[in-house]
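> Here it is, the structure, as structure tokens.
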Amino acid sequence: MTFDLFGNDADDDTTNAPQTDELGPGAFVLRGFARARLATLQTDIDAVIAQAPLRHWLTPGGKRMSVAMTNCGDVGWISDKMGYRYGTHDPLSKQPWPAMPASFVALASDASEAAGYRDFSPDACLINRYTLDARLTLHQDRDERELGAPIVSVSLGLPAVFLWGGLQRGDRTRRVRLEPGDVVVWGGPSRLVYHGIASVEGSFDAQAVRYNLTFRQAR
Ligand code: MD6
Ligand code: FE
């Protein structure tokens, strides 16, 4: 076959297939999976934030986190001097967390399925906002009751350097660049892998931020 110079041949299944990078067993980066949905997702993020404003939680040790956070869904992730946990109400407003927008539910379902996880039905969506000086140190996500369910994580806005480690805190880490529209899905043997955000990339533009949505089955 000599004419397939432009990669448009019907046999060429890479032409339209989105690129997937395997980080480890059960963990994948679906490159650009949410790209076509970014504008809608951002509108819906803004609506959630209007009801439940972003805030900087205190760690159990009393330090202000550099990443600003809020939640939507049946339960939200909370941190304060009493520890990390999920709660049904926003401690600031005393109101239930806003409902998960339909665009979020659809994306979490489509992405988990694309990564080979069936019947993922998240009850929590954590919204993280990173300015250029924000970091998320290496951690495990282990506050969820259902560790059999995967996590779906969506990047919007500025690119970031994601750290992907191992099952021990001291394991060496790999640096993975995440672009807007990339979706990371992980579970199975990788569910408790240490990870973090080393840096967010951009110039000092007052508007420029990165958002990340992480969907979990917390209860
Ligand atoms: C972030 N993400 O990408 C931080 N946790 O901003 C996480 O901490 C994370 O991406 C669990 C599963 C996927 C994640
Ligand atoms: Fe995490």
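> So how many residues does the range 177-193 have that are under 22 Å from Thr70 (Cα atoms) and part of a loop (DSSP other than H, G, I, E, B)? First the steps, then the outcome.
So in the range 177-193, the residues under 22 Å from Thr70 (Cα atoms) come out as 178-186.
Checking which are part of a loop (DSSP other than H, G, I, E, B) leaves us with 179-182.
Summing the residues that are under 22 Å from Thr70 (Cα atoms) and part of a loop (DSSP other than H, G, I, E, B) in the range 177-193 gives 4.
> Across the range 141-155, which residue is surrounded by the most Cβ atoms within 10 Å (Cβ to Cβ) among those that are in contact with a Lys or Arg (Cβ under 6 Å, 6 or more places away or on another chain) and in a loop (DSSP other than H, G, I, E, B)?
Residues of the range 141-155 in contact with a Lys or Arg (Cβ under 6 Å, 6 or more places away or on another chain): 144-145, 147, 151.
Then drop every residue that is not in a loop (DSSP other than H, G, I, E, B), which leaves 144-145, 147.
Details: Glu144: 20, Arg145: 11, Leu147: 14.
Among residues in the range 141-155 that are in contact with a Lys or Arg (Cβ under 6 Å, 6 or more places away or on another chain) and in a loop (DSSP other than H, G, I, E, B), the one surrounded by the most Cβ atoms within 10 Å (Cβ to Cβ) is Glu144.
> Where residues in the range 113-140 are within 22 Å of Arg31 (Cα to Cα) and in contact with a Leu (Cβ under 8 Å, 6 or more places away or on another chain), which of them is surrounded by the fewest Cβ atoms within 10 Å (Cβ to Cβ)?
Checked the range 113-140; the qualifying residue surrounded by the fewest Cβ atoms within 10 Å (Cβ to Cβ) is Ala114.
> Here is a further query. From the list Arg191, Arg175, Arg210, pick out the single residue that is of a type outside the set (A, V, I, L, M) and more than 12 Å from ligand 1 (Cβ to nearest atom). Let's see the steps before the verdict.
Values: Arg191 fails: more than 12 Å from ligand 1 (Cβ to nearest atom); Arg210 fails: more than 12 Å from ligand 1 (Cβ to nearest atom).
It is Arg175.
> Quick check on this structure: which one of Gly157, Gly181 is more than 10 Å from ligand 1 (Cβ to nearest atom), at positive phi and touching a strand residue (DSSP E or B) at 6+ places or on another chain (Cβ under 6 Å)?
Numbers: Gly181 fails: touching a strand residue (DSSP E or B) at 6+ places or on another chain (Cβ under 6 Å).
The unique qualifying residue is Gly157.
All of the numbers you see were taken from the coordinates with simple rules; none came from a lab. These figures come from a predicted structure and were not determined experimentally. Reconstructed Cβ throughout: ideal geometry from the backbone, glycine too, with neighbour counts over all protein chains shown.
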